[in-house]
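Q: One structure coming up, written as structure tokens, with questions to follow.
The values are calculated or read from the model by the stated rules, or taken from the named source; none is laboratory data. All figures in this text were calculated on a predicted structure; none of them were measured in a lab. With ideal geometry, Cβ positions are generated from the backbone for all residues, glycine too; neighbour counts draw on all protein chains shown.
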Amino acid sequence: MQCPNCKHWNEDGSRFCEECGFELKEESRASVSVSVRPADALPIPQPDLPQPPPQTLIPIDAPPAAPYTGPRLVLNSTGSIFKLGDAAVIGREDASLQIDFDGYPEGKYISHRHAQVIKMNGKYYLEDLGSSNHTYVNDIKLAEGQAEPLQEGDKVRFGKIELTFHES
């Protein structure tokens, strides 16, 4: 029989279209199988399925959540925000990292423990931890162990990943 939805030819007696899943009407099926049970038979019990949790509705006029404005690195290619605390080790494939670039398109150019951002005396510093593909602040390459102070809007690069530092 032919599906009225997609015009696919299905085997006679099919309940659903093999192509699109459309339920075929009984009158369009060549052979119909009918299951009859006595009128006094008990209904088949249905299992108790868990109910979905009630949905929380957000009023349309609710103000949007305020964007994070604390100290952060912003990934230039996507706008992703990495919040900074008093210390953040940056790298990939290491459970102890605060910022892990594993899985990012250019993450393969990041060392396992590439660099760190530390806060000292109220100011943020970026330090290279002996990375293979280097750490840069405003296109200036840092030497291993060199801690460079960061200022609002500084461009930071780890290998091929570029970010912008924002303090507030």
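Q: Under the condition of being small (Gly, Ala, Ser) and within 21 Å of the chain's Cα centre (by Cα), which residue from segment 103-118 is surrounded by the fewest Cβ atoms within 10 Å (Cβ to Cβ)? Break it down stepwise before answering.
A: Residues of segment 103-118 that are small (Gly, Ala, Ser), as a first pass: 103, 107, 111, 115.
From what is left, the residues that are within 21 Å of the chain's Cα centre (by Cα) are 103, 107.
Working: Gly103: 9, Gly107: 17.
Applying the filter and picking the extreme gives Gly103.
Q: Determine, yes or no, whether Glu167 is in contact with a Pro (Cβ under 6 Å, 6 or more places away or on another chain) and at pLDDT below 95.
A: It is true that Glu167 is in contact with a Pro (Cβ under 6 Å, 6 or more places away or on another chain) and at pLDDT below 95.
Q: When you go through Glu167, Glu127 one by one, which is the residue that is among the acidic types (Asp, Glu) and farther than 21 Å from Asp94 by Cβ? Full working, then the answer.
A: Details: Glu127 fails: farther than 21 Å from Asp94 by Cβ.
Only one candidate passes the filter, namely Glu167.
Q: Would segment 120-133 turn up any residue that is among the aromatic types (Phe, Trp, Tyr) and closer than 12 Å to Phe158 by Cα?
A: no
Q: Which ones in segment 73-98 are of a type in the set (S, T, N, Q) and either in contact with a helix residue (DSSP H, G or I) (Cβ under 8 Å, 6 or more places away or on another chain) or more than 18 Å from Tyr136 (Cα to Cα) (or both)?
A: Step one: of segment 73-98, the residues of a type in the set (S, T, N, Q) are 76-78, 80, 96, 98.
Scanning segment 73-98 gives Thr78, Ser80, Ser96, Gln98.
Q: Among the candidates Phe165, Phe158, single out the residue that is under 21 Å from Pro71 (Cα atoms), touching a residue at least 24 places away in the same chain (Cβ under 8 Å) and touching a helix residue (DSSP H, G or I) at 6+ places or on another chain (Cβ under 9 Å).
A: Unique residue meeting the criteria: Phe158.
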